[in-house]
1. Please turn the phi angles of segment 17-26 into ³J(HN,Hα) values with the Karplus equation 6.51 cos²θ - 1.76 cosθ + 1.60 (θ = phi - 60°), one per residue in order, whole Hz, x for glycine and proline.
2. Under a point spin-label approximation (7 Å from Cα along Cα-to-Cβ), what is the ARG39-ARG195 distance to one decimal in nm?
3. Shape verdict for segment 3-206, please, from the Cα gyration tensor: rounded (a/c under 1.5), prolate (a/b greater than b/c) or oblate.
4. If packing is taken as the average number of other Cβ atoms within 10 Å across a peptide's residues, how do 51-59, 23-31, 198-206 rank, most packed first?
5. Show me 132-139, 147-154 ranked by packing, highest mean number of other Cβ atoms within 10 Å first.
6. Please give the charge dipole size of segment 5-133, origin at the Cα centre, charges +1 on K and R Cβ atoms and -1 on D and E Cβ atoms. Round to the nearest 20 debye.
7. Each label point is 7 Å from the Cα along the Cα-to-Cβ direction; what then is the distance between the points at ARG25 and ARG239, in nm?
8. THR103 label point, 7 Å along Cα→Cβ, cut-off 13 Å on backbone N: hits in segment 25-62?
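What follows draws every value from the coordinates through simple rules; no lab data is involved. Treat the numbers as computed from the prediction; the structure is a model and nothing was measured. No Cβ is skipped: glycine too gets one built from the backbone with ideal geometry, and neighbour counts run over all protein chains shown.
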Amino acid sequence: MRIVVGIATTGRRAMLSHTLAHLARQTRRADSILVCPARPDDFDEAAAAALNLPIGSVSSQPGSCHQRNAIIDRAGDADLIVFFDDDFLPSDTFLAASEHLFTSQPDIAVATGRVLADGAHGSGLTIEEGRDILANDTAADAGASPTPTYNAYGCNMVFRMAAIAQGAVRFDEALPLYGWQEDVDFCRRLAPQGRIVLSSSLRGVHLGTKNGRTSGLRFGYSQIANPIYLVGKGSVSHRWALRLMARNMAANMAGSLRPGGMVDRRGRLRGNVLAFRDLLLRRLSPGRILDF
């Protein structure tokens with residue numbers, strides 16, 4: 001198989017360089033690594049050139065959906081495209097295991113891996129902490145059969161390019177900037193083309209780096225606007241959207257009573273309220289965050 005790794009990045013120049021250096025450890029190296037920075041300064045091309053990896057740069061307007069689509073368009077005749085976040089450290093066998101999985105099970109269209117630790121749910125992990133977690137991973141469940149899952153987790157997603165082509169699917173560019181829940185939307189629209197699975201043979205650590213994130217206000221607005229938009233286009237169910245919105249609003253309300261830490265819960269709650277106001281005024285749209 002020809003495997004392309006794609007990384008859409010913004011505001012994490014140093015982190016991206018560490019992640020690219022980490023990819024040199026793969027036992028089965030990528031045939032191509034395509035980096036799409038939101039701005040030219042987000043990518044240290046000199047540091048990348050020193051890694052002796054097939055790394056190329058792709059131009060796009062800012063926004064994770066725009067950037068990922070630009071990578072897909074440049075992937076050419078790839079068999080698999082693997083999207084990593086710029087702060088995701090895959091195990092050394094991630095690409096080799098991806099190749100084996102998709103070769104041995106041709107009905108799989110999408111796969112995502114076992115996240116051994118996720119700094120996105122806390123204050124974040126350092127690169128050293130992430131590497132230690134990988135080094136101490138026993139991979140005890142790595143031989144288990146893949147299990148069905150609703151969608152791939154955006155920090156690590158493996159797609160069969162033939163399924164993308166057959167479904168004529170692209171990331172929805174109406175979801176601007178961080179493109180929250182674009183991974184769910186993309187995967188659900190690919191579901192008719194094959195199975196979506198979680199494979200414990202694909203392993204890694206999501207550092208959850210905090211710089212480069214969207215503001216609390218914008219993110220809170222997206223927590224309401226994006227699920228409602230996805231329900232309207234039919235890619236997710238009402239139940240899924242209501243459960244997601246309720247869970248996030250509850251977390252924001254609880255966090256607003258005890259502000260502090262790395263998550264702006266008060267900003268997110270304010271964004272939630274603004275979104276519901278716009279829903280009542282019939283002007284709710286994911287793109288409204290560009291006005292804030």
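1. Each residue of segment 17-26 in turn: 4, 5, 5, 5, 4, 5, 5, 5, 7, 4 Hz.
2. Once both label points are built, they end up 4.5 nm from each other.
3. Numbers: a/c = 1.39, a/b = 1.05, b/c = 1.32.
Rounded shape, in that the Cα axes give a/c under 1.5.
4. Values: 51-59: 14.7, 23-31: 16.4, 198-206: 23.1.
Sorting 51-59, 23-31, 198-206 by mean packing, highest first, produces 198-206, 23-31, 51-59.
5. Numbers: 132-139: 12.8, 147-154: 16.9.
Sorting 132-139, 147-154 by mean packing, highest first, produces 147-154, 132-139.
6. Around 60 debye, computed over segment 5-133.
7. Computed distance between label sites ARG25 and ARG239 equals 4.1 nm.
8. 28-29
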